Structure formats: C-alpha cells, structure tokens
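Participant: Input: one structure, supplied below.
The values are calculated or read from the model by the stated rules, or taken from the named source; none is laboratory data. Computed from a prediction, not measured in an experiment: that's the story for all the values here. Positions of Cβ are generated from backbone atoms using ideal geometry, with glycine treated the same way; all protein chains shown enter the neighbour counts.
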Amino acid sequence: MSEAHAHPNYIKIWFWLLILLAISVAGPMLEIPWVTVVTAFGIAAVKTFMVAAKFMHLQFEKKIIWYLLIICVTFLGVFYFGVAADIMNSSGQQWKDCIADNTCIEQRL
Amino acid sequence: MSLQGPIATHRMRTGIPTGRLAVWWVLASEIFIFGGLIMCFLLFKFNNAPGFEDADMTSTAAGAFNTFVLLTSSLSIVLAHAAAEKGDIQASFRYIWFTIGGGLVFLLVKTYEYSSKIYGGITLTENVFWSFYFTATGLHALHVIGGMVIMGMISFDVRKNHNLQRVELIGLYWHFVDIVWIFLFPILYIANF
C-alpha cells in the first residue's frame, strides 16, 4: 500500500475540473483564435496538471518519478522540434508535396 | 511457484513500491505513443494539410460528454483507492465498478460517433484529419477497454481483501487514459485555430 499521506478533497477537485471543462467548451464558441487557444489548450494543460498532481498523487511522489516524466516530455519535444524544421519546410531541391502529388503514393506502392 | 504473489509486491529498492514504479514506467512510455501521435497531428495541421477543417464535423457535445464521463470515472477510481487504503473493501469494489461503468458509457458514445461517421461515408482513409481521428481515438479506446478488463480483475481480488495496493496502480493507468483524452478532445473536437 502507498505511503500514508493526506488525501485531498477529491470531490472539490472534480467539481473544479468540470468548471474548467465548461469554460474550455464555451471559450472556442466565441471564435476568437487567441481565446480558443487559451481556453481549449491552456485549460487542458491546467486540467492535466490537476489530475496528475491531485488524483495521481504526483505532488506526493518521489522526485525520481518527476525526473522520469520530465525527461520523457523533453525527449518528445526534441523529436518534434528536431524534425519540424525539415517537415514544415515547403521548398527545397528534394521537396515534394506528397499530400497533393499522387506520384509520391504511386512510388511507395 | 510462490503462492504469495509476485516477488515485486513485497520489496522495493528505490523507495517507491515496485508495482507503482513499474506503472509509472509504462505511463512514461505511453507519453511517447500518444505524444508522438499528437505531435504528428500538429505537424500536419501547422503545415496546412487539407482536411483539418473537418474538425467542424465532429460532435463537440459528444466529446464534452465523454470528457465529463472520464473525469467522473477518474474521481471514482481515486475514491476506490482511498476506500481500499481505509480497508473499506465493499466501497472500493463499488467504486471500481462505477469506474468500469464510466468506461462503458464512454465506449458507447464512441461507438455512436464512429458508426455515424462511417455510415456517412467518412472512414480512416478519407483524409489526414480523419486518419488521425480514427487512429488516436481508436488507440485510446483500446486503452480504455484494457483498463476496464484489468479493473474488473482487480475488483475480484479486492472483494477477497487481496492485493489492495493494485487499486492505486490501475487508478494511475486510468488517470493517464483520462489525461490523454483531455488533450485529444480539444485537438479533434474544438480546434478551429
């Protein structure tokens, strides 16, 4: 069994998660791009942190678990930003628009 | 063969119970699976790949309801863990099955969404957006099913007052499934940015 620690008020946390869900659904309805990004994605990050810290008890966990997760997310960022500059490029000698150009698909087949 | 269960249950070398450490390792590896999928989605979206305007065709109400269901089931599994810690095995058993019920409701809504899309002629190969939609939500649904099966197995152990520490472990897995959906919901159902 896990080490003894005080359990937070889970129902209160659940209630706030639902409030944040409502805001994240309502925000994009305004159809203002920055509001959409803040409410949909910013609140998703906040909800993730609340679930991880309070429900998964990450705030009580030993630091090794934090290090493990931070390293994984860091590597994910490295994989993304490492290739994004190449993939997001839409010009160059070897570049082909493989989404629009069916010859790419035919070659692979 | 030991009748007392796995050796790992009864020892720890890191200061963290071995089972809990193992579950965190699994979740760390899952970060790459779902994180990689979501990153690829964003790469295509920011590269203006065609088809992403189809995010308008997903049902925000269904996605929001499913988010509510998973958040509520996260609450019930953590209450199951708290009950198991207090030794209230009947309450823990009930909370676990409430969580399984939440998973079932989630899958029913997903089935309705999938069938309405497929009957409307939209499948995995329609365009890049729908490829991601079916792949990401399908993979997530498989994780939900797996979690439900394991929760069921653990619940019967709990009823016999065995291996109560496993309620926390499956709870960690279920919270991760919930977190993945918290990110999938805005990018697949809301994202008009």
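Participant: Of everything in segment B:153-178, what is closer than 21 Å to B:L107 by Cα and surrounded by 15 or more Cβ atoms within 10 Å (Cβ to Cβ)? Give them in sequence order. Outline the logic, then answer.
Facilitator: Filtering segment B:153-178 down to residues closer than 21 Å to B:L107 by Cα leaves B:153-155, B:170-178.
Hits for segment B:153-178 are B:I154, B:S155, B:I170, B:G171, B:L172, B:Y173, B:W174, B:H175, B:F176, B:V177, B:D178.
Participant: What is the residue count in segment A:41-56 for residues that are more than 18 Å from B:S74 (Cα to Cα) and either more than 8 Å from chain B (Cβ to nearest Cβ) or modelled with pLDDT under 85 (or both)? Let's see the steps before the verdict.
Facilitator: Step one: of segment A:41-56, the residues more than 18 Å from B:S74 (Cα to Cα) are A:41-42.
Going one step further and asking which of them are either more than 8 Å from chain B (Cβ to nearest Cβ) or modelled with pLDDT under 85 (or both), we end up with A:42.
Total meeting the criteria: 1.
Participant: Next question. Taking the criterion of being in contact with a Leu (Cβ under 9 Å, 6 or more places away or on another chain), at pLDDT 85 or above and outside any loop (DSSP other than H, G, I, E, B), would at least one residue in segment B:43-51 satisfy it?
Facilitator: No: zero hits.
Participant: Of the residues B:A64, B:A91, B:A82, only one is within 12 Å of chain A (Cβ to nearest Cβ), free of Cβ contacts under 8 Å to residues at least 40 places away in the same chain and closer than 23 Å to B:M148 by Cβ; which?
Facilitator: Just a single option satisfies the conditions, and that option is B:A82.
Participant: Looking at the structure I just gave you, is B:S59 crowded, with 19+ Cβ neighbours inside 10 Å and either of a type in the set (F, W, Y) or in contact (Cβ under 8 Å) with a residue 12 or more places away in the chain (or both)?
Facilitator: Details: crowded, with 19+ Cβ neighbours inside 10 Å: no; either of a type in the set (F, W, Y) or in contact (Cβ under 8 Å) with a residue 12 or more places away in the chain (or both): yes.
Against the criterion (crowded, with 19+ Cβ neighbours inside 10 Å and either of a type in the set (F, W, Y) or in contact (Cβ under 8 Å) with a residue 12 or more places away in the chain (or both)), B:S59 does not qualify.
Condition check ((1) outside any helix (DSSP H, G or I); (2) outside the structural domain of A:L68 (by TED's automatic domain parsing); (3) under 23 Å from B:S59 (Cβ atoms)) across all residues:
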position	(1), (2), (3)
A:H7	yes, yes, no
A:L18	no, yes, yes
A:L21	no, yes, yes
A:M29	no, yes, yes
A:V35	no, yes, yes
A:F41	no, yes, yes
A:F49	no, yes, no
A:K54	no, yes, no
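Participant: Is there a residue being under 24 Å from B:W24 (Cα atoms) and more than 18 Å from the chain's Cα centre (by Cα) anywhere in segment A:12-23?
Facilitator: In the first step, residues of segment A:12-23 are kept if they are under 24 Å from B:W24 (Cα atoms); the result is A:13-14, A:17.
Add one more test, that the residue is more than 18 Å from the chain's Cα centre (by Cα), and what stays is A:13-14.
Yes, that holds for at least one residue.
Participant: Which of (1) at the interface with chain A (Cβ under 9 Å from one of its Cβ atoms); (2) free of Cβ contacts under 8 Å to residues at least 40 places away in the same chain is the odd one out, the single condition B:E168 does not satisfy?
Facilitator: (2)
Participant: Oh, and also: Only one of B:T123, B:T135 is of a type in the set (S, T, N, Q), under 12 Å from B:L188 (Cβ atoms) and surrounded by fewer than 17 Cβ atoms within 10 Å (Cβ to Cβ); which?
Facilitator: Working: B:T123 fails: under 12 Å from B:L188 (Cβ atoms).
Only one candidate passes the filter, namely B:T135.
Participant: Given the criteria closer than 20 Å to B:W25 by Cβ and away from chain A (no Cβ under 14 Å), does B:H175 qualify?
Facilitator: Numbers: closer than 20 Å to B:W25 by Cβ: yes; away from chain A (no Cβ under 14 Å): no.
The answer is no for B:H175.
Participant: Quick check on B:L188: is it touching a Phe, Trp or Tyr at 6+ places or on another chain (Cβ under 7 Å) and at pLDDT below 95?
Facilitator: On the way: touching a Phe, Trp or Tyr at 6+ places or on another chain (Cβ under 7 Å): yes; at pLDDT below 95: yes.
For B:L188, the condition - touching a Phe, Trp or Tyr at 6+ places or on another chain (Cβ under 7 Å) and at pLDDT below 95 - is met.
Participant: Quick one: how many residues across segment A:57-89 are within 7 Å of another protein chain (Cβ to nearest Cβ) and of a type in the set (K, R)?
Facilitator: 1
Participant: For A:I71, state whether it is hydrophobic (A, V, I, L, M, F, W, C) and more than 14 Å from the chain's Cα centre (by Cα). Break it down into steps so the answer makes sense when it comes.
Facilitator: On the way: hydrophobic (A, V, I, L, M, F, W, C): yes; more than 14 Å from the chain's Cα centre (by Cα): yes.
Yes: the conditions hold for A:I71.
Participant: Is it the case that some residue within segment B:150-169 is closer than 29 Å to B:T60 by Cα and of a type in the set (V, I, T)? Don't jump to the end; show me each part of the working.
Facilitator: First pass over segment B:150-169, keeping only residues closer than 29 Å to B:T60 by Cα: B:151.
From what's left, of a type in the set (V, I, T): none.
Within segment B:150-169, none of the residues are closer than 29 Å to B:T60 by Cα and of a type in the set (V, I, T).
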